[in-house]
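S.K.: Here's a structure for you.
What follows is calculated from the coordinates using simple rules that are stated; it is not laboratory data. Everything numeric here is computed off the predicted structure, so don't read it as measured data. When we count neighbours, we look across all protein chains shown, and the Cβ atoms used for this are built from the backbone with ideal geometry, even at glycine.
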Amino acid sequence: MAKKQRKYDMEYKIQAVKLAKELGGAKAASELGIPENTMYAWTKAAREGRLDAGPGSHTPQTAMSLAEELSILRRQVKEQEKEIRRLKEENEFLEEASAFFAASRRKSAKGRE
């Protein structure tokens, strides 16, 4: 029979991550009675910014990497917005050209009749 998976609230995870930073992941997991893989997943999530462990939880290196990532993502968003605008303009132009050629085709078809 499969083990029942425990659910942990966010505050518990945050406190566990803080403890893991002080003692180390394996020791914190042992003290809390949770699997080491679970502790590893929580600390990884905190490092990546998916689990907010609160103020003072980031080291200068992780804070800088998060700031760099944010900067890169903002730049990508700007580039994508610019590309979307360009594609919308091209689409608009093509729709107008299509309408123009369709109208000229109808005119030339009427002229042959």
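S.K.: Taking the alpha-carbon distance from Lys88 and a cut-off under 20 Å, which lysines remain once sequence neighbours fewer than 8 residues away in the same chain are dropped?
M.R.: Lys78
S.K.: Now for a different question. Please give the length that would be gained between Gln76 and Lys7 if that part of the chain were fully extended, namely 0.36 nm times their separation in residues minus their C-alpha to C-alpha distance (nm, one decimal).
M.R.: 21.2 nm
S.K.: Ok, one more. Using the per-residue mean of other Cβ atoms lying within 10 Å as a proxy for protection, in what order, highest first, do the peptides 26-34, 76-84, 12-20 fall?
M.R.: Ranking, from highest mean packing down: 12-20, 26-34, 76-84.
S.K.: Next question, about the same structure. Would you calculate the separation in nanometres between label points at Arg50 and Glu92, each defined as 7 Å from the Cα along the Cα-to-beta-carbon direction?
M.R.: With each label placed 7 Å out from Cα toward Cβ, I get 4.0 nm.
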